Structure formats: structure tokens, C-alpha cells
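Enquirer: Submitted below is the structure of interest, expressed as C-alpha cells.
The values are calculated or read from the model by the stated rules, or taken from the named source; none is laboratory data. Quick caveat, the model's predicted, so the values are computed rather than measured. Note that each Cβ is placed from the backbone with ideal geometry, even for glycine, and that neighbours are counted across all protein chains shown.
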Amino acid sequence: MTEIVAPRVGRTQVAEEVPAPLFEQVRRKDGDLVLTGRGGYLDDIVLPDTLHAAVLRSPHPHATIRGIDTSAARARPGVRLVLTGREARDAVGIIPHFFDPALVGGRTADFRCLAVDTVVYEGEPVAAVVAGTVHAAQAALDAVVVDYEPLPFVLDADAALEPDAPTLFDGWDDNVLIRLPFAEGDAGAVLAAAEHVLDGEIRIGRYQTAPLETRGYLASWGPDDRLTFYASTQNPHPLRSHLAEILDVPESSVRVVATRLGGGFGHKFHGYPEESLVCLLARLVGAPVKWVESREECMLVGAREFVHRFAVAYDGDGRILALRDRILGNVGALGASGGWGMTFVAGMAFPGPYRIKDYDVESVAVVTHKPPWNGARGYGKESAALAIERIVDLVAAELALDPAVVRRRNFIPPEEFPYWTAAKHLDSGRYTAALDHVLDLAGYHELRREQARERAAGRLVGVGIGFELTPEGGDFSGALLRGFDTSTVRMDPTGRATVLTGVTSPGTGNETGIAQLVAAELGISPHDVSVVQGDTDLCPYGYGNFSSRSLTVGGAAAVLAARDVRDTLARAAAVLLETPPENLVFTGGRVHALDAPERALRMRDLAGAVFRRTIALPGLDDAQLESTRTYTPSNVHNIPDEQGRWSPYPSFPYSAHVTVVEIDPDTGVVTLRGYSGVHDCGTIVNPVLVESQFLGAIAMGIGGALWEELPYGADGRLRARTFKQYLMPRAPDLPWINTGHQVTPSPFALLGMKGSGESGTAGAVASVANAVNDALAPLGVRVHEMPLSAPRVLSAIREARR
Amino acid sequence: MIRSTLTHHAPERLADATALLAEHGAAAAVLGGGTVLLPAMVRGERTHRHVVDLRRLELVFVQAEAGWAEIGAMTTYAQVLASGELTGSAALLRRAAAGITGGAQLRNQGTVAGSAAYANPASDMPGCLVAAGAVLRLHGPDGPREVPAAEFFRGAFTTALRPAEMVVTVRVPLRPARIGYYKLKLSESSWPIATAAVTVEVSADGVTSAAVTLGAVAAQPITIDVAEHLSAQGALRDEVGFDEFVRSRVDEPWDDELAPASYRREVAGVVARRALKQTEDGEQR
């Protein structure tokens, strides 16, 4: 584990004092099980007589299905069922969208679990087989004969906007899903009048998150027609609601159990065809049916393919006066899953941490014949940060100013918070302090001196800064994708607590943080708090895991509920200890009188007394040691103000990054020489969890900046289908990462917490891109096409030498 | 999980293995270390009803005799790496084995002969075997025969192996030589993008022969005589001219999803140069 650098500046604006065991390195619950391979994931669940499904997918990016002959497949040994799209259409409904673009003025389309007449992307499910074993099911796929008539297709977003481009969906006259404007002031006028203007373009290739555990589902219908659906999913309750709708059964007849996740990252948002497909297959064969996504199937899921075309006006001191950006997001064939919304966030995140009064950003989501997106950590923020941070560096380069100086001149100063932009109400921030902290951590000024020496010797060494603003905890009304959540806290007669919550963990360990929060309220050990997540029969309705929200809302709801339980306990203890409730202290698993510590009760004796003696003992009259509370973030502004400003996100953590790279001038290979990051997510509950999320996010950002890509061939098919073709960073690819943390609590959030989980991805992408371009600066060339692979970098170097 | 049912054969005699391969034709596959075959079968890219496993043929060995080393077909990279028999130009195989992507798990499973039979352009072994002057000993229905590595690799994933024929051993000469091996890859998990294996032989009068074999830059290895580009001591005379010379020898560069053909041609020169540089310390192995 890396050393955790203590916050350099003390906590400020703390609404309430932070009690123990918060800000402590409590060991992760179940960490030993996970590390020793005994944690148990979806594929480890075995129900008696389970059958297995395999999915036949379109090899074409666009085609008409003229017919499907399943007779040979049905005759294969072990095959119990072969299902086509036409058959499925009569049995189940359309899949509700994770977030329907029509809710915010976009177009929409209907998707089913199996394509019926037309396929619009390679990999679209067209038929399914159920057999006794996975092998038998997969082998039978080869015997299904589909008669396709290939149709013209389009893969590139710009090409999809051409007037003669093939369209995807009935009733659409072009391929624009939605245009999302984010603007304040009059950028056009400022750009027209400014002395200094520069423009440019940045392209980001399609890539994804590649969780180690792929998706999987196991459906089982009981004799009472009740469905139990085990799912590797991030959103069990919304998935339950949608499944009930698709399958046309009462929601109370569906139980979704979200299993332990080996990574979520947005890849496990719901809306996939296989979810309802597996339920339907299980109903038709009358036995449990399991399906687990292969790596190849996983890699079909896309994300993050953007183009930014920008212009920026600035003054001679490097102050940015105006900004225009036209963003194109190639969201693939839409689907019902939760990906297209990244184009919203990619625009909404502008203008980042900077005080720019005149900006005009439009983010356009374009559909193409690539497979649909799903969420990917960063969720568009990494795209925005890359463009914004490159723009700042370009301004610095034009004026020959240090990029750190230009950032300082443009940051929103701490005293201007809360700060409005078109679609954000920023809670709090000390951006300059975070930047200074990371520059200090990286030894920035010495790095620059060293770089000058190395440049003189002809070496391509680059230092890049990246600053990331990370809107978190989003609330999207109209959909089952909300910013609030609900938790229950109950105490048992032994004085231990159980939390049941609507938020889930994607494998990050937030259950440990929730236990710490409840333990702090009740004065007990986190080891005496169990956390139950993901089972819709047990947990209150909630929205699961997205947008780094689990601890800030699920944990906050648990805090409120724990306070209710403590109040009941305090009234009982006041009777038993003969002291006023306000004179009681809950700590160390005991409750005692503030002025007489010897007058104390162990929590188990106190809870035991409530259960055993209420109404039998005078004054002891309330036995409710259980409470369910919903926490609603106070900084969500769904209704636009008189200036049209709104803010679906309540929480704005941020981070500052410095990357050092060296480029091999003969091969274009980029080597990371150093990395430093400073993160601020407000009040920290568990530094180890925050640190590990930050490190993971940085690794993911570096992977996306340098190696990870899902390239498509001219045939419309994905070219990277294994980890030998889709290059994830391995440990030797990464440098030592120095980290620091700063604590600037949100004045709007309970305990001052801000989301932590996504933070780091965007800053890493931006700082690596800036470092690589800084290294190339002496050659007078830039690479603005991501990832910054060796062939692209070498091509730029060669261009310089010509 | 392999989707199709198959029969696993583990013959104890070479003739039986050949007979099985002859009997089942394309339905049969030779199973060596399995690091390529089994994942491909799991993904459904290859289907074989019969797998002929070489594990009982006693083909795990590295033996030196009369100036040649012979490596059994089931010898893993890890065993090659640990072998003290591979000296001189044959030490190239150890150098390549040390850098096989996939770490200890793969080095303990993958084999030199298996990699040769796979003939993936973007891999270490084809170029190394050609550079080392290896000879592949094959066995088929017509009995044994030997094919020099330079003639064995016919193209991408294509070898001189005839139907029902298999690689039994790889023979490598133990010529005293300076060696160099450089591999360019994009990241730790990447296939090789370009490799160069170099042998330089010297006598008291200076360099007597020098060759660079490029791997991964084209469908099959390219061997280039570079003696005239070296000084008598073995140092490169003109780096820029050398790069251009090497690039000019790459007619049809290999293209895949990791690197376009133009990139492979572009880096061929520097990769060759870096391998050559390693021989300049003058040490003969």
C-alpha cells in the first residue's frame, strides 16, 4: 500500500465534529474472503438442475434477418430450447431504458431481448440456446442458421451526420440522438473580439472498463411464479422494476439479488438484453438458467468515443475569456443500457474548475452501427477534463507561461463557492491548494529544471498537469436513477447493528465505510455492524451504485437511521442510569454518564434491556431499535432558476495530477516516469478505501490515455476481442503513484462528504495527455488522438522531422 | 470451457501420434503447451474432435551433442531459460524466453516448438529460430524429416508442416557468436510488434559474419546480412543509413490491430540497431 500523506491543510467548514472511527484505517469487511478467492461471485452460485444459456449474435453491423432455421440446433444433444426474436417478441415486452433520452427531449428507440427483423450492430443478440451445459449450449449456436441480408452501415460519428448516411431507427430522419447545450454569457461575441484565439480538435477512441468479473445472470422461477434473479448488476431495485414491466408480472413477484461484484465501473448498469432474456428462457424451460458474459462479449460494450472541436479566447496573462466546444459522442446503436448519458456529462462538466463566464458547449450524441455504450467510470467527465486541460496547456504554450500559473489564474477562488455554472452548483473547493499540494508532492519545479537539462541533451521528457472536477451523486428525475437513497439500521439484543441499504458496492468496499458511519453514531465497533446490500427482498428500495454515491447517500441515510436508534437507546439508558439523555456518551461499545463515567452500561446490556424489559420497567416505554431513513442530498437543483441554471449533481470532488513521461523518439513508446495525485472528496470516512479507489482510477485513466482501444475494421467488426489485443495496464506498465489528500467538506452534505470512486480517471487521462504533448513540444507537434499509442506518437515525431 | 466434445489422445509412441493425426485429419490438433490452442477452442474459434497430446512422448529435454542442442517439443520456455546447454547463438532462445509475455504462468506452460508450429507473425520464436539457424525435426506419415527454420515459416500462421506432421524437436547449432535480441512491444501485455535477433561471428581478423533476423514485422521472419555495415570490431558504421537499409528490406510489413504496417516498417531499423548494439560489448557466448 502506498503511504497516505496526511492532509496538509486542516478540515475547514466542518458542520459537525467527525467522531471515531471515522477517518480511520478500518480493515475492509470480507477483504480476507476476496483476497483468498472465497468471496463468491455470480458464477459461483449453483442452483439444483440449472441449465445454461448461450446467445447467438449478429456478425453484421447492419442487416435484415430474413429467416432463422433452428431445427438443426434443436436436434443437438442436450439442447432444451432454441429461441428466436420472433418467438421472444410474443412472450416479453420492450426493455425500459436505464435513462430514456426522450425524457430530456431526445429521440428514442425500442429494444428487445432478441432482435426481430433487423440488427443494428455486430453482437446484437438474435437467438438463444438453453442446454444442460455451457458447452452444449455454445456448440448448438453453430447449428442455428440465420439468413441475413447485409445493409449499409456507418461507424464514424461525423460520417453518421452526412445527409446520405444510413440511418438506424424507424422514424429517424438522421442519426442525431440529442443535442445538449451548456452555455452562459456570449462566447461568440467574446471570441470574435478577442486578441488571442486558438482552436483545435481532440479525438478519443472507443474504450471500456473491462471489469475482471464480466456480467452474469441466473434466473429461477419458483412454483409460486416468483422470480429470483441473481445478477452481477449495480442497480438491483431499478432492475427489478424493469424486469417486472418487461415480464408483465407484479413487482412483488420479482426478487433481484445483486451478487458480489468483481468490478462494476458502469459496465453493470442495467438495460442489457440478456437480463430479461435469461428470465424468459428460465420461464420457458421451467428450470433455472444461467448466462455468464464471455470476455469477447464484454468487449463489445463500448464507451467514451468522443470528438471535441474547440475554440478559446484568452488574454495576454493567460486568463481564459471564452470557450466554445462542439462535442460529438459516438454512442453506437443506443440500446436501453446506461451509456448515452455520458454525452450529457461530457458537456455538463464544462468549464471544469475554471471561472469562465462566457462559454458555449454543445454535446451531440450520434448513433452508429457500433454496439451500444454502457457506463464507464468517469462517465464523460474524463472526456471533458481532457479537452479542458489540453486547452489550458495550449493557452500556456502560446503565451510561454507555466501551465500551473495559467491554472492558478483561472481557478474559481475558494471564496466564490457555492458557484453556479449552467448545469452545476459547485459546493466547495480549494483548487489552488490542491494544485500546489500536488506540485509539491511531485517536486514540480525540480522536474522542470531536470526536464530542461534532458531536453538540451535531446531527450523527449514531458511533465503534464491534469486537474479534474468530478461531479458526483447525480439525480435524474423521470427515471429510476435518483440522487437519494434509503437505509435501515436495526440493533439486535446483543447490541450489534445491521444495516440494510438501497445502495450497493461494485467491489469497492463501501460496506465497510457504511459500517464505520453507523458505528460512529452508536459508539460501537465497525466489526459489530453488518451491512446487507443488493437483495431486493431484504433492503429498502434504492438506486444501487453509480456516480460514486453509495457512501454519501446510502451511508448518510444510515447515519440518520442510526441516530434514531441512538435516541431510543439514550432514553432507555437515561432511565437505567438515572441521568438525563443529553448527559450520555456512546463510545467504545458502552454508554456512560458524561460527568460520571463509572455509571455505564455495555451496549449489549442496554439493547438487551430494551428488548427484555420495555413496558415492564417504569420509564422504559419505547422498544423500536430500528429505523429506516431516506437521505436526500440538499444540493440538487432539478428546477431551473430564473437564469435557467440547474444542477442534477450535488457533490463536486476534484483532484490534481502531475505525470512525468519519456518518449522513445525512435519508436514512439511512452514510458511513465512518475505520477503524483492529490484528491479532495471532503470528509474522508476510510482513508484506505479512498486511497485505493484513487489509485485504481488513476490506473484506469492511464490505460485509457496510452493503450486501451476498441478499434473497428472496415467490415464493421470489432478487432480487439481478447486481452492480447485490448491492452490493459499491468503493474510494470505503471509508475509509483504518490498520493495526497486534502479535505474540503461540502457545506451541503451530511458530515461534509463528497463522492469518491470515479475521481482520478479524468485527471490521469488529462495529465498523461499533457505530459506526452509537453514531451513533444520541442518538435513543434501535438498528438490529439487518444489513446496516445506508440504508432500515433511516432507518426507525429516523423511529421516534425519532415 | 470448450464447447464441442472431443477425444483426448495421449499416445506413448511417436508412430501412434502420427497415425492418429493421419486418421483424423483436420479434425485433430496437436496439443503441446496448449496456451494458444485451448483458449482458441474455448472461444469457439477452432473446433477439433480429437486432440493429440504430446505429454507421454518424453519430449521434455534439452540435450547438447556434437555442436548442436536438441530441444524436445514439450520443453517449456522456463526449461529453456534454465538450460545451461544453450550457448553461443543458441542463447538467443534463452534471451527470448526470458521476455515471453504472460509471466511465469505462461513460461511454465508454453513451448518453443508450439510457438514455431503456431507461426504467429507477432511472436518471438519464429525470428529467433531463424536467427539461431535452427532446424526443425518433424515427424509424419512418411517418417522423420528435417526442415531449416528459414524454410519452415512460410507465412502468417503457415508452416512447412504437411498433413499429419508434427514438430518433434528443435535442433539449434551451438555456434560461438555475439548475440543480441531486442523486442519492441506497446505495453506489458502486448504481442511483440517488432523483434530483432542478431548473431555476429568474429575471428581474430574481425567480423566474419553478421545477420539480423527481424520478427513480427512481416508475415515471416526476414534475415538480413549486415556484415558490410559493421566495422571490423563489430560497431555500426552509419546509423541513419543502416535504418534505411533495414527498412528497405521489409517489403510487406505485417498489420494488425495493435500496429499498422507502416509503423512496423518504420521501427524495423531502430529495433535491428538496438539488437546489434548489444553485440558491441565484444562478448561471444
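Enquirer: Here's a check for you: in the range A:719-751, which residue that is within 14 Å of another protein chain (Cβ to nearest Cβ) and hydrophobic (A, V, I, L, M, F, W, C) is surrounded by the most Cβ atoms within 10 Å (Cβ to Cβ)?
Expert: Restricting to residues being within 14 Å of another protein chain (Cβ to nearest Cβ) and hydrophobic (A, V, I, L, M, F, W, C), the top hit is A:Leu727.
Enquirer: Another question about this same structure. Which ones in the range A:44-66 are in contact (Cβ under 8 Å) with a residue 40 or more places away in the chain, part of a loop (DSSP other than H, G, I, E, B) and touching a strand residue (DSSP E or B) at 6+ places or on another chain (Cβ under 9 Å)?
Expert: A:Ile45, A:Leu47, A:Thr50, A:Ser58, A:Pro59, A:His60, A:Pro61, A:His62
Enquirer: Shifting gears a bit: I'm trying to understand the selection: among the residues of the range A:362-416, which are closer than 19 Å to A:Tyr649 by Cβ and over 23 Å from the mean Cα position of the chain (by Cα)?
Expert: Matches in the range A:362-416: A:Ile412, A:Glu416.
Enquirer: Now a separate question. Wholly within the range B:11-106, which helices (runs of 4 or more DSSP H) include no fewer than the required count, namely at least 3 residues that are touching a residue at least 24 places away in the same chain (Cβ under 8 Å) and over 23 Å from B:Ala149 (Cα atoms)?
Expert: B:14-24, B:37-42
Enquirer: Then there is this: Being away from chain A (no Cβ under 14 Å), among the small types (Gly, Ala, Ser) and on the phi < 0 side of the Ramachandran plot is the filter here, so list the residues in the range B:1-38 that pass it.
Expert: B:Ala10, B:Ala15, B:Ala17, B:Ala19, B:Ala22, B:Ala26, B:Ala27, B:Ala28, B:Ala29, B:Gly32, B:Gly33
Enquirer: Let me confirm something: among A:Ala137, A:Ala143, which residue is surrounded by fewer than 23 Cβ atoms within 10 Å (Cβ to Cβ) and among the small types (Gly, Ala, Ser)?
Expert: On the way: A:Ala137 fails: surrounded by fewer than 23 Cβ atoms within 10 Å (Cβ to Cβ).
Just one listed residue meets the conditions, A:Ala143.
Enquirer: May I ask you to list the residues in the range B:191-213 that are buried (at least 20 other Cβ atoms within 10 Å of the Cβ) and either within 14 Å of another protein chain (Cβ to nearest Cβ) or of a type in the set (S, T, N, Q) (or both)?
Expert: Correct list: B:Trp191, B:Pro192, B:Ile193, B:Ala194, B:Thr195, B:Ala196, B:Thr199, B:Thr213.
Enquirer: Are there any strands (runs of 3 or more DSSP E) wholly within the range A:578-674 with 1 or more residues that are of a type in the set (D, E, K, R), and if so which?
Expert: By residue number, A:590-593, A:596-602, A:626-631, A:654-663.
Enquirer: Restricting attention to the range A:638-655, does a residue exist that is within 14 Å of another protein chain (Cβ to nearest Cβ) and among the aliphatic types (A, V, I, L, M)?
Expert: no
Enquirer: Something else now. Of all the helices (runs of 4 or more DSSP H) wholly in the range A:386-482, which have at least 2 residues that are of a type in the set (A, V, I, L, M) and under 30 Å from A:Glu195 (Cβ atoms)? Let's see the steps before the verdict.
Expert: Working: elements: A:403-410, A:431-442, A:444-456.
Where helices (runs of 4 or more DSSP H) fall fully within the range A:386-482 and carry at least 2 residues being of a type in the set (A, V, I, L, M) and under 30 Å from A:Glu195 (Cβ atoms), they are A:403-410, A:431-442.
Enquirer: Now for a separate question. Test A:Glu708 against the criterion of being away from chain B (no Cβ under 14 Å) and among the charged types (D, E, K, R), and give yes or no.
Expert: Considered against the rule, which asks whether it is away from chain B (no Cβ under 14 Å) and among the charged types (D, E, K, R), A:Glu708 comes out as no.
Enquirer: Sort out which residues of the range A:352-379 are in contact (Cβ under 8 Å) with a residue 60 or more places away in the chain, part of a loop (DSSP other than H, G, I, E, B) and closer than 22 Å to A:Ala311 by Cβ, and write them in order of number.
Expert: A:Gly352, A:Pro353, A:Arg355, A:Lys357
Enquirer: Can you tell me how many residues in the range A:772-799 are over 32 Å from the mean Cα position of the chain (by Cα), aliphatic (A, V, I, L, M) and either within 14 Å of another protein chain (Cβ to nearest Cβ) or in a loop (DSSP other than H, G, I, E, B) (or both)?
Expert: So the count comes out to 4.
Enquirer: Still on this structure, I have one more. Restricting to the range A:445-473, what's the tally of residues that are touching a Lys or Arg at 6+ places or on another chain (Cβ under 8 Å), at negative phi and not hydrophobic (A, V, I, L, M, F, W, C)?
Expert: Residues in the range A:445-473 being touching a Lys or Arg at 6+ places or on another chain (Cβ under 8 Å), at negative phi and not hydrophobic (A, V, I, L, M, F, W, C): 4 in total.
Residues checked against (1) outside the structural domain of B:Glu165 (by TED's automatic domain parsing); (2) within 30 Å of A:Val79 (Cβ to Cβ):
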{"position": "B:Met1", "(1), (2)": "yes, yes"}
{"position": "B:Leu20", "(1), (2)": "yes, yes"}
{"position": "B:Gly32", "(1), (2)": "yes, no"}
{"position": "B:His48", "(1), (2)": "yes, yes"}
{"position": "B:Ala66", "(1), (2)": "no, no"}
{"position": "B:Gln79", "(1), (2)": "no, no"}
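Enquirer: Could you say which residue among B:Ser248, B:Ser262 is away from chain A (no Cβ under 12 Å), of a type in the set (S, T, N, Q) and either out of contact with any His (no Cβ under 8 Å at 6 or more places or on another chain) or farther than 16 Å from B:Gly180 by Cβ (or both)?
Expert: From the options B:Ser248, B:Ser262, the qualifying one is B:Ser248.
Enquirer: Does B:Gly44 satisfy being within 14 Å of chain A (Cβ to nearest Cβ) and of a type outside the set (S, T, N, Q)?
Expert: Here the answer is yes, as B:Gly44 does meet what is asked.
The rows are residues; the columns are (1) β-branched (Val, Ile, Thr); (2) within 14 Å of chain A (Cβ to nearest Cβ).
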site	(1), (2)
B:Ala40	no, yes
B:Leu54	no, no
B:Gln63	no, no
B:Trp68	no, no
B:Ala73	no, no
B:Val80	yes, no
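Enquirer: Next question, about the same structure. Look at A:Ala187 and say whether it is away from chain B (no Cβ under 14 Å), more than 33 Å from the chain's Cα centre (by Cα) and of a type in the set (Gly, Ala, Ser).
Expert: No.
Enquirer: Right, something else. Of the residues B:Asp256, B:Asp243, which is part of a loop (DSSP other than H, G, I, E, B) and at the interface with another protein chain (Cβ under 10 Å from one of its Cβ atoms)?
Expert: B:Asp256
Enquirer: Take the residues of the range B:7-54 that are surrounded by 15 or more Cβ atoms within 10 Å (Cβ to Cβ) and among the basic types (Lys, Arg): which is nearest to B:Ala119 (Cα to Cα)?
Expert: B:Arg46
Enquirer: Moving on to the next point. Which numbered condition in (1) of a type in the set (Gly, Ala, Ser); (2) within 14 Å of another protein chain (Cβ to nearest Cβ); (3) assigned to a helix (DSSP H, G or I); (4) surrounded by fewer than 24 Cβ atoms within 10 Å (Cβ to Cβ) is the only one that A:Ala714 fails?
Expert: (3)
Enquirer: Please verify whether the range A:678-701 includes one or more residues that are away from chain B (no Cβ under 12 Å), surrounded by fewer than 24 Cβ atoms within 10 Å (Cβ to Cβ), touching a residue at least 24 places away in the same chain (Cβ under 8 Å) and outside any helix (DSSP H, G or I).
Expert: yes
Enquirer: In the range A:91-110, what residues are aliphatic (A, V, I, L, M) and either closer than 18 Å to A:Ser477 by Cα or without any contact (Cβ under 8 Å) to a residue 60 or more places away in the chain (or both)?
Expert: A:Ala102, A:Leu103, A:Val104
Enquirer: If we scan the range A:494-506, do we find a residue that is part of a helix (DSSP H, G or I), farther than 18 Å from A:Pro236 by Cβ and modelled with pLDDT of 95 or more?
Expert: From the range A:494-506, those part of a helix (DSSP H, G or I) are none; that's our starting set.
Looking through the range A:494-506, none of the residues is part of a helix (DSSP H, G or I), farther than 18 Å from A:Pro236 by Cβ and modelled with pLDDT of 95 or more.
Enquirer: Going residue by residue through the range B:146-158, is there one that turns out to be part of a loop (DSSP other than H, G, I, E, B) and within 14 Å of another protein chain (Cβ to nearest Cβ)?
Expert: No, there is no match, as no residue in the range B:146-158 is part of a loop (DSSP other than H, G, I, E, B) and within 14 Å of another protein chain (Cβ to nearest Cβ).
Enquirer: Identify, please: which residue in the range A:130-167 is aliphatic (A, V, I, L, M) and in a loop (DSSP other than H, G, I, E, B) and is, among those, nearest to the chain's Cα centre (by Cα)?
Expert: A:Leu155
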